[in-house]
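What follows is a set of notes on a single structure, which appears directly below.
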Amino acid sequence: MAIDMSKMRDKKVAFESRGGNRGNFWRPEEGSDTTIRILPTADGDPFKEFFFHYNVGKNPGFLSPKKNYGEDDPLDAFIRNLFNEGDEESIKMAKNLMARQRFFSPVIVRGQEDKGVQVWGYGKMVYQTLLNLVLNPDYGDITDPGAGTDLVIKYEKPAGASFPKTDITPRRRPSALTEDDIKVSEWLESIPEFDSLFERKTPAEVGQLLDEFLSTDQSAEASSTETTQYSNGPQASGGATSVDDAFNELLG
């Protein structure tokens, strides 16, 4: 019997949605409005939190062994020592190297349903907005497949601002995720294992990255220039900083 190519295509979509393809991320386009639905997860928490380091030389962002897994690592110890030194340059460098929070949710993007489950990554201001929304009794469970709430995501740079701002507007009426119960089941079953989305470095590997960073004399440049580039300072609600730019580089 010949291979069923239709089934093979369905398997490929399901595999990629589960994390076999780490590039199955979604982020809003600047200047556009996009409607999404956040999907429910088996553990009841659709907002997955991870901590990343971004400024260790020219390396892309990577997961913090200490913040994510409770493992002692040389970078965490180095950052704590810098804070303990207490001088202005040491504190500046420590803030530049410390881990940053990012959050991830499984979503269906309206108009892109054929892509299946995608993963939306965002910062703490968007996270706070989403928490306020789900705790608002007027909306209930926004992830409910039968009567949840679609969210309109507007991502644009206000006049005079340095970085884009994310505004989230819930639809006024609840709606079904789709009328196709089979499709709902397929989407929910294909939500990826979030721990598999990013490479997990060992403390030893992180220590090697730190050694390479310090040995190239980039530390002095980082403390004076990269703090501005990847700062995580005050921002408007739902706004962005250049940490978001570094995060987007990580996702490719």
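Where a number appears in this text, it was derived from the coordinates with a stated rule and is not lab data. Only a predicted model underlies this, so the values are computations on that prediction, with no experimental measurement involved. We place every Cβ from the backbone using ideal geometry, glycine too, and count neighbours over all the protein chains shown.
Quick notes on this one:
- Whole-number Å³ per residue for the convex hull built on Cα positions in region 33-85: 155 Å³
- Test item: Cα-centred dipole of region 26-102, Lys/Arg +1 and Asp/Glu -1 on Cβ, debye: 180 debye
- For the pair Ser185 and Glu89, a Förster radius of 41 Å applied to the C-beta separation gives a FRET efficiency near 0.15, rounded to the nearest 0.05.
- Were the residues from Asp45 through Val152 laid out at 0.36 nm apart, the gain over their Cα-Cα distance would be 36.5 nm.
- Listed residue pairs exceeding 26 Å between alpha carbons, taken from Lys48/Lys201; Lys67/Lys183; Lys67/Lys157: Lys67/Lys183; Lys67/Lys157
- For region 94-172, the gyration tensor built on C-alpha atoms gives a prolate shape. Its axis ratio a/c (a ≥ b ≥ c) is at least 1.5, and a/b is the larger of a/b and b/c.
- Local electrostatic count, Thr149, Cβ distance below 13 Å [Lys/Arg +1, Asp/Glu -1]: +1
- P(r) of region 26-144 over all Cα-Cα pairs, binned every 5 Å from zero, in whole percent: 2, 10, 15, 18, 16, 13, 10, 8, 6, 2, 0
- Segment Ala77..Leu135, full-extension length gain: 17.2 nm, with 0.36 nm per residue of separation and the alpha-carbon distance subtracted.
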